[in-house]
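Single-structure report; data block below.
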Amino acid sequence: MSLDRYRSLDAWRGVACLGVVVYHAGLLGKGWILSLTARGEQGVAMFFVISGYCIASAADRAHRAELPLRFYFWRRFRRIFPPFWALLGLTAALLAGLLVVAPPFVNRAQIPLLFAIEAPGDFSAVALLGNLTLTETWRPYVVGPPVRLLMWHMWTLCYEEQFYAVMGGLLAIGRLSRGVVAVSVAVFLVTQLTPAPAFGFFFDGLWLLFAAGAAVFYWRDAPPRPAIIALLAMTLLCQWRLPWVALPLGVGGCFACALIVLRPYDAAIMAHPATAPFAACGLRCYSIYLVHGPVTLLLSAAIASRGWTGSWFTLVGTIPACLAASLLLAWPFHAYIERRFLNSAPTPVPLRATISPNLVQSDPELFLNRRPTDVA
């Protein structure tokens, strides 16, 4: 089988992450701009679908190559946590500086809003541990006080870690495609039969977005297709019962179907010059997503403190400024921090089985810059 990578997912990653930046950049605006920029929030739904494809690919590759289970979990840990912890450290340093010498354009009263913390020691040890381990959205169901996120946009990473863990469990029992369908049916039934699913836990319905992405991966390689069609149908139908996530499920389900339809045109899409900027952002989407949180909120709050919150100024001033600042800082963050964790050390475990035609896509730069000994 030839190694067939779904390359245009990088461009879609770029579209998704830029949409999220635009959404957050417009939150402090007033008027019609709010309804316009709110559409960027659906970049999260696109992210979850793309993650479903990528992690299904990574798990499939590990299964076919008979790699140890720890290899899958180590790569997920290495890919997510070190850059996240680095961002927390940099944000903490920025917070400490602002608490000591708040610049003229930042009001001290805004600092708790910006960073969800009022003073050192404001978080309990349990909540701090939940943040550091990306378990905070569901941690209160097990122990401790209500949810307290250090940075508001990290909730999506808490879901991602749950999705990765479920796929790791399915990999452990050797039931990947059928396991995804089974878990999806269970989630669907829970959301339909319970009045209030546990928010912050993947059984609240958001798993279906991740599963829709996995369905895109399994569409060509893991029949029967009726099961995959049923999975996509559940994602779309579930929105009628889950008003709190209706729009993401609708957007994500349609996006997953579009990815299946567009797959034959992957090369043509990537050959178009217009996709290059989005693909460049897509290769650095994790850095952009991490960095834009404090940067966008700090900058947009500084602009809003001047009273510049009108729709047109937000459109031509605040949003471009936040986009430029986020990209300007994300590029070195990617180069000097995130990129160090894209390529793990070569594994001595030989590949003993045919690699899936959908090459693992969770580490795009590893594919583009791979050495003969690299293992994605």
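The values are calculated or read from the model by the stated rules, or taken from the named source; none is laboratory data. Since the model is a prediction, treat every value here as computed from it, not as a measurement. Quick note on the areas: whole protein, heavy atoms, side chains included, nothing else; ligands and nucleic acids left out. Shrake-Rupley method; radii C 1.70, N 1.55, O 1.52, S 1.80 Å.
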Accessible area, 1.4 Å probe, largest first: how do Glu338, Glu41 sort? Glu41, Glu338
Estimated vicinal HN-Hα couplings, Hz - the stretch 19-28 in sequence order (Karplus 6.51, -1.76, 1.60; Gly, Pro = x): x, 5, 4, 4, 4, 6, 5, x, 5, 9
Using a 1.4 Å probe, how large is the accessible area of Trp308, given in Å² and rounded to the nearest 10? 120 Å²
How large is the accessible surface of Asp60 in square angstrom, using a 1.4 angstrom probe and rounding to the nearest 10? 20 Å²
